[in-house]
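Below: one structure, written as structure tokens.
The values are calculated or read from the model by the stated rules, or taken from the named source; none is laboratory data. Predicted model only: the values in this text are computed from it and were never measured. Neighbour counts run over all protein chains shown; Cβ positions are idealised from the backbone, glycine included.
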Amino acid sequence: MKALLVCAGFWLLVSLVFPLENILLPDMLRTLAAAWSLLLHGGLVHDLLVSLARTLAGVSCALIVGFSVGLGFGGRPGFSTYALPVLDFIRSIPIAMLFPLFIVITGIGELSRLLMVITLATPLLTIAIASGLRKDFLNRELNVWLALHRTQIPRWTRFLSLVWALLPSMLAGVKAAISLGLVMVIVSEMLFVANSGVGYQAYQAYNAFRVADMYAYVLVTGLVGFGLNALFDGLINATFFEARPRNPNKAAIMTGRLPRR
């Protein structure tokens, strides 16, 4: 947060000392005024919600697929040895290059954009779930408890216990998937067919040489992405790392920090 304030102060200082060209970089006060005007009268909130809804819809579908496939991969190490390289290969493909293929298959519309986000996020979430299952040093106590009480607890309780054990890896995968999915949605809105969304409006402002509006869209979108990342970090820390375990070595394993002597 301090680094952001320093960057904002530097931008303000440069814009006050040097007359910035509008075609390159507008001054900070004009950009903030444009962002405030767009928030009140320009439909920025609506376009931002549209882009976020597209991102969350794709990540939700990818989470369902990735959770199911990741359970199969993590529970069968021999099978995951052959399947995970395939997922790594799919993850290495620039998804924007596949957008014409999605248009040919599904036509022009929201479905093709949704498939882009699903294709991007599914390998990330699958690998996150499979990696969480393979961390035996985190799940050993849960496995012992489930083995001792297998005949006494219902099946849905065992499933919820497994989900709780996988939650740190799952949240980390969802955090990365939302960030990358939002980037992909904005790129698709800018370069491909769209009539709404933050990317579409920013590209229209660029074509009309409304540089202050374009920077306002970029600034607000960056703040929203920063807020989502901070929300996930706070959720992970508050849920898993606030309660200190009795064993300091276990705390060091979970947080990645060595205990103080």
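Here residue 209 passes the criteria (1) in a helix (DSSP H, G or I); (2) surrounded by fewer than 17 Cβ atoms within 10 Å (Cβ to Cβ) except the one numbered (1).
If you check 200, 217 for being farther than 19 Å from residue 118 by Cβ, buried (at least 24 other Cβ atoms within 10 Å of the Cβ), among the aromatic types (Phe, Trp, Tyr) and in contact (Cβ under 8 Å) with a residue 12 or more places away in the chain, only one passes: 217. For first residues located in the range 117-136 and crowded, with 22+ Cβ neighbours inside 10 Å, partners that are at pLDDT below 85 and of a type in the set (D, E, K, R) and lie 6+ apart or on another chain with Cβ distances below 6 Å form the pairs 123/91.
Would you be able to say whether some residue in the range 226-238 is surrounded by 15 or more Cβ atoms within 10 Å (Cβ to Cβ), farther than 30 Å from residue 15 by Cβ and modelled with pLDDT under 85? So far as the range 226-238 goes, yes, one or more of its residues are surrounded by 15 or more Cβ atoms within 10 Å (Cβ to Cβ), farther than 30 Å from residue 15 by Cβ and modelled with pLDDT under 85.
Quickly run through the range 88-133 and pick out the residues that are more than 15 Å from residue 181 (Cα to Cα) and not in a helix (DSSP H, G or I). Matches in the range 88-133: 107, 108, 109. Annotation: of all residues in the range 163-197 being free of Cβ contacts under 8 Å to residues at least 24 places away in the same chain and part of a helix (DSSP H, G or I), the one that is surrounded by the fewest Cβ atoms within 10 Å (Cβ to Cβ) is 163. Among the residues of the range 107-116, the ones that are surrounded by fewer than 21 Cβ atoms within 10 Å (Cβ to Cβ), touching a residue at least 60 places away in the same chain (Cβ under 8 Å) and closer than 19 Å to residue 175 by Cα come to 1 in all. Among the residues of the range 40-70, the ones that are part of a helix (DSSP H, G or I), modelled with pLDDT under 85 and crowded, with 18+ Cβ neighbours inside 10 Å come to 2 in all.
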